[in-house]
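J.: Can you keep this structure in mind? I'll have questions shortly.
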Amino acid sequence: MTLALVPLLPLAGAMFIALAGGRIGRKTTGTIGTLAITLAFGAALSMVVSVAEHPRLAARLGAWLPVPGADLSLVLEGAGLGLVLMVTGVSALIGLYSIGYLPAGPGAQRYFAALDLFVAAMLLVILADNLVLLFAGWELVGLCSYLLIGHERERPAAAVAAQKAFVVNRVGDAAFLVGIFIFAATARTVNIGDLRVASIEHLRPDTVTPFLIASALLLVGALAKSAQLPLHVWLPDAMEGPTPVSALIHAATMVTAGVVLLIRLREVLAPEVLFAASVAGAATALFAALVAVGQRDLKRVLAWSTISQVGLMFVAAGLGAVFAALFHLLAHAFFKATLFLGAGAVIHATDGEQDLTKLGGLGRRLPLTAATVAVGALGLAAIPPASGFFSKEAIAVAALDQPLLLGAVLVTSLLSAFYAARLYTLVFLAPARAMPAIHRTPLSMAAPLVLVATAALAFGGLVGAHVLPLGLGRESEAPAWLLAASIILGLGGATGGWLTYRRGASAAGAVERIAARAAGGFGVDRLYQAALVEPFGRIARGVDRGVEAANERAIDGFAGLLVRGGGLVQRLQAGSVRGYEALLLTGAVILLAFWSLR
């Protein structure tokens, strides 16, 4: 029952907040929502001893659908507990942060109900023991992202961004659903454990089998949900949502769902598909890192950074390096949550300013925020002893036998260090700019920011104490040259970013002009607009005009019939008494004749 409580507690919180309506205030609503997630974290924490004694825990809640293996049942195995603790712990801190971040007024009920439902849905993705229940969580994750990205629905940009995220993910979700159908039809089950056994029979080298096709379709779903090439275009625009929502999506929930899927189904998916996931991840990691270098918006730098870092996780998961993928997923959750909550503190303090070129000198004016963001930036730059260094090193070790993938990982590390230093320097170290009075960060925002930064530091320290002496030795040891190269790339990239931007973006000269050319994402979004959105838009507008014209013709025709009918009646109403008498007599004769025939 403790396992069942983990997703049920945030689900209950969402239902209570939704049913309570506007009868409770913003702070009370936020407190209830945050408490529900915190209790789920406590329930997960209480299972640490049980998981140590029993590597696999299961909870069956009952039957659901008349499909073999599709029960309401949960399973906790492998590194699932670490994922559950990360999701609930980080989400609870984001919920607490949101209480101070959200403005007063209506909307808190929608926000915290969707936030709790988001957490419950992500926990289903981690814990569901069959593909149907997992897909239910998968779809709920998409729904909640739509609701939260478009939370400020009065702003057109937020509404459009929410629609874009929803539509792009429908492509991946449709592929995922067809893949489930193929698995069910082939193996006669959707239970993940049973599918692992069935894959031994149905996966054959160099042969196209239904399992291979289904695996490829599930990969499409993972690429869309985790914003990987070529279905990455929704995530940068998702920054139109409130900053805590961005932290939730990037650090603890939706964007990592694709990685979780690859890890949980690694024994079900075809090896060819898993390798394709690695290639797609490497290409995405390098591509998004280049784009991040040219971004001027504070949150968009972090958005493209997430796309890139998740790409590294795909590299590891596709190569079968489960430890490395999970390691980087957890490390990224802590340092990316720190960066987003720190960005929210900057935006709150400066009345909504997000342009890096208009910020500067905030290190002295916001010392606490500067210190916490520094922790996140070190993790992103992969500079030891930050946990991001060790997790990226584990991915590089996993790619040692694949030179192209290894090269992409190392270059991505260099670029990550450069744009992390660029962001930090422009916001906190560059010359101060004239701006209105800086607002103090409220305690409800400062406390979770400090806590998540502390968690990132503690995780890094734990990693440094246990992994470095072992040479990253859970899977293989890192060669000395690779360790040296990684350190040099991290320090070199960060130093280059600081030297280039220490006097501001205007002093960066040619570097900033070259970087700015990548800011548009190399035209991929414009290509989609030209090839898909605009043609379908023209078709839709044409259909709309045709339907409108048909409606107008139908209405005009009906009106014409009424006019002609009215004219006939008008001619009958001639004002002649004898005529009326004749009509009455004719009617009476007709009625009598009808009656006599009966």
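J.: Using only the alpha carbons, work out the radius of gyration and Dmax of the range 163-288 in angstrom.
T.: 15.3, 48
J.: Okay, next question. Give me log10 I(q)/I(0) at q = 0.12, 0.18 Å⁻¹ for the range 426-565, Debye formula, one equal scatterer per alpha-carbon, no solvent.
T.: -0.96, -1.16
J.: Stokes-Einstein at 4 °C, 1.567 mPa s, Kirkwood radius from Cα pairs: D for the range 296-335 in µm² s⁻¹? Before the final figure, lay out the partial values.
T.: On the way: Rh = 10.6 Å.
My calculation gives 123 µm²/s for D.
J.: Still on this structure: Stokes-Einstein diffusion coefficient for the range 313-398 at 10 °C in a medium of 1.306 mPa s, Rh from the Kirkwood formula over Cα pairs: what value in µm²/s?
T.: Answer, rounded: 114 µm²/s.
J.: Treating the range 85-151 as a set of equal point scatterers at the Cα positions, no solvent, please give the Debye-formula log₁₀ I(q)/I(0) at q = 0.21 Å⁻¹.
T.: The Debye formula, applied to the Cα set alone, gives -0.87.
J.: Something else: I'd like to know how the range 237-381 sits against the 2.2 N^0.38 Å rule of thumb: what's its Cα Rg over that expected value?
T.: 1.11
J.: Rounded to whole Hz and in sequence order, give me ³J(HN,Hα) for the range 281-286 from the Karplus expression 6.51 cos²θ - 1.76 cosθ + 1.60, θ = phi - 60°, writing x for Gly and Pro.
T.: Whole-Hz 3J(HN,Hα) from phi for the range 281-286: x, 5, 4, 5, 4, 5.
J.: Placing one identical point scatterer on every Cα of the range 142-231 and ignoring solvent, what is log10 I(q)/I(0) from the Debye formula at q = 0.15, 0.19, 0.20 Å⁻¹?
T.: Log10 I(q)/I(0), no solvent term: -0.65, -0.85, -0.89.
J.: Something else: Could you tell me how many degrees, from 0 to 90 and to the nearest 10, lie between the Cα long axis of helix 443-466 and the main elongation axis, the longest principal axis, of the Cα atoms of the chain?
T.: 50 degrees
J.: Let me know the charge dipole size of the chain about its Cα centre in debye, to the nearest 20, where only the beta-carbon of Lys, Arg (+1) and Asp, Glu (-1) is charged.
T.: Once rounded to the nearest 20, the dipole reads 1500 debye.
J.: At 1.4 Å probe size, with the rest of the protein present, what percent of the exposed accessible area of the range 268-405 is carbon and sulfur atoms?
T.: Summing carbon and sulfur atoms, their accessible area is 65 percent of the total for the range 268-405.
J.: Treat each spin label as a single point 7 Å out from the Cα along the C-beta direction, and report the residue 272 to residue 556 distance in nm.
T.: 5.9 nm
J.: Another question about this same structure. Give the angle, between 0 and 90 degrees and rounded to the nearest 10, that separates the Cα long axis of helix 156-187 from the longest principal axis of the Cα atoms of the chain.
T.: Compared with the principal axis, the helix lies near 90 degrees.
J.: Here's something else I'd like to know. Mind jotting down a quarter of the surface of the convex hull over the alpha carbons of the range 72-217, in square nanometres, one decimal?
T.: So the mean shadow area of the Cα hull is 10.5 nm².
J.: Sticking to Cα atoms, compute the Rg of the range 241-325 to one decimal and its Dmax as the biggest Cα-Cα distance, whole number, in Å.
T.: In order Rg, Dmax, the Cα atoms of the range 241-325 give 13.6, 42 Å.
J.: Right, another one. Rg/Rh for the chain: what does it come to with C-alpha atoms and Rh from Kirkwood?
T.: That ratio equals 1.14.
J.: Follow-up question, since we're still on this one. Note the direction-averaged projected area, equal to a quarter of the hull surface, for the Cα convex hull of the range 345-458, in nm².
T.: Result: 7.8 nm².
J.: Taking the alpha-carbon set of the range 528-568, what are its Rg and Dmax in Å?
T.: Radius of gyration, then largest Cα-Cα span, for the range 528-568: 17.5, 58 Å.
J.: Could you please tell me the mean projected area of the C-alpha convex hull for the range 1-155, averaged over all directions and given in square nanometres to one decimal? Don't jump to the answer; show the numbers that get you there.
T.: Numbers: hull surface 37.6 nm².
Averaged projected area of the range 1-155's Cα convex hull equals 9.4 nm².
J.: Would you mind checking which residues have amide H under 5 Å from residue 383's amide H? H placed 1.01 Å from N; only 5 or more apart, or other chain.
T.: Amide H neighbours of residue 383, under 5 Å, 5+ apart: 389.
J.: Give me the accessible area per residue for the chain, probe 1.4 Å, as a whole number in Å².
T.: For the chain, the solvent-accessible area averages 43 Å² per residue.
J.: Can you report the principal axis dimensions of the range 178-242 using only the alpha carbons, biggest first, rounded to whole angstrom?
T.: So the extents along the principal axes, rounded to whole Å, are 46, 26, 16.
J.: Could you work out the per residue convex hull volume over the alpha carbons of the range 1-64, in cubic angstrom?
T.: Each residue corresponds to 76 Å³ of Cα convex hull volume.
J.: Here is a further query. Determine, for each peptide in 36-45, 348-357, 164-173, the mean count of other beta carbons within 10 angstrom over its residues, then list the peptides with the highest first.
T.: Going from most to least packed, we get 36-45, 164-173, 348-357.
J.: So, by mean Cβ neighbours within 10 angstrom, what's the order for 309-320, 198-209 with the highest one leading?
T.: The packing order, highest mean first, is 309-320, 198-209.
J.: For the cross-link pairs 164/299; 164/358; 164/336; 27/225; 336/392; 225/392, which exceed 25 Å when the distance is taken from alpha carbon to alpha carbon?
T.: Pairs exceeding 25 Å: 164/358; 27/225.
The values are calculated or read from the model by the stated rules, or taken from the named source; none is laboratory data. Quantities reported herein were computed from a predicted structural model and do not represent experimental measurements. Neighbour counts run over all protein chains shown; Cβ positions are idealised from the backbone, glycine included. The accessibility values were calculated without ligands, DNA or RNA, using every heavy atom of the protein model including side chains. Shrake-Rupley method; radii C 1.70, N 1.55, O 1.52, S 1.80 Å.
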